[in-house]
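A short write-up of the structure that comes next.
Each value in this text was obtained by applying a stated rule to the coordinates, not by laboratory testing. None of the values given here were measured: they were computed from a predicted structure. Glycine gets a Cβ as well: all are built from the backbone with ideal geometry, and neighbour counts include every protein chain shown.
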């Protein structure tokens, strides 16, 4: 993890079994020698809501203003928070077609959570060679199958052991 700096590094993902249907979200936060992963479950939702909720949940864990690097495989999340949200706010939460913005409640939450931080949104290819993205994808899907989430803190060394095994231990 040598490439990770003093900024809080976050990887997020959302998953949905059918769309809409049961959904899961997950986030991995890394700072210095600590790795924390969190996930959750919703009985009826959409994939886009789970993508947004993963970022919201991760940002809610931050206790003070800081530099944050959020990695996501969701262009909806990245483009929405970086580009579209400014026009949505100006247009009273209407999209370019004049219709209400989908997931407005979550976009408002996310916008408020982002404001005290310096956030860089980084898009990563989903289901590829990024092992951190693959980990949160697996964790989000695990939340769906278990109908529950987790909140686990480990040292980075312990977390690396989980990644090296290429599977999440059953207790997580």
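For helix 104-114, what angle does its Cα long axis make with the longest principal axis of the chain, in degrees from 0 to 90 and rounded to 10? It is inclined by approximately 60 degrees.
Against the main long axis of the alpha-carbon atoms of the chain, helix 47-60 sits at an angle near 70°. Per residue, the chain reaches -10500 deg cm²/dmol at 222 nm when only DSSP H runs of four or more residues are counted, each adding -39500 (n - 2.57).
Mind giving me the FRET efficiency for residue 62 and residue 105? R0 is 22 Å, r the Cβ-Cβ distance, nearest 0.05 is fine. Efficiency, from the Cβ-Cβ distance: 0.60. Find the centroid of the Cα atoms in segment 88-125 and in segment 9-80, then give the distance between the two in whole Å. Each part reduced to its Cα centre gives a spacing of 15 Å. Values [x] 1.09; [y] 2.11; [z] 1.01 are given for comparison; Cα Rg over 2.2 N^0.38 Å, derived from the coordinates here, is the one labelled [z]. Residues within the reach of a label modelled at residue 75 (point 7 angstrom out along Cα to beta-carbon, backbone nitrogen below 13 Å), restricted to segment 139-162: there are none.
Helix 156-165 and the longest principal axis of the Cα set of the chain meet at an angle near 90°.
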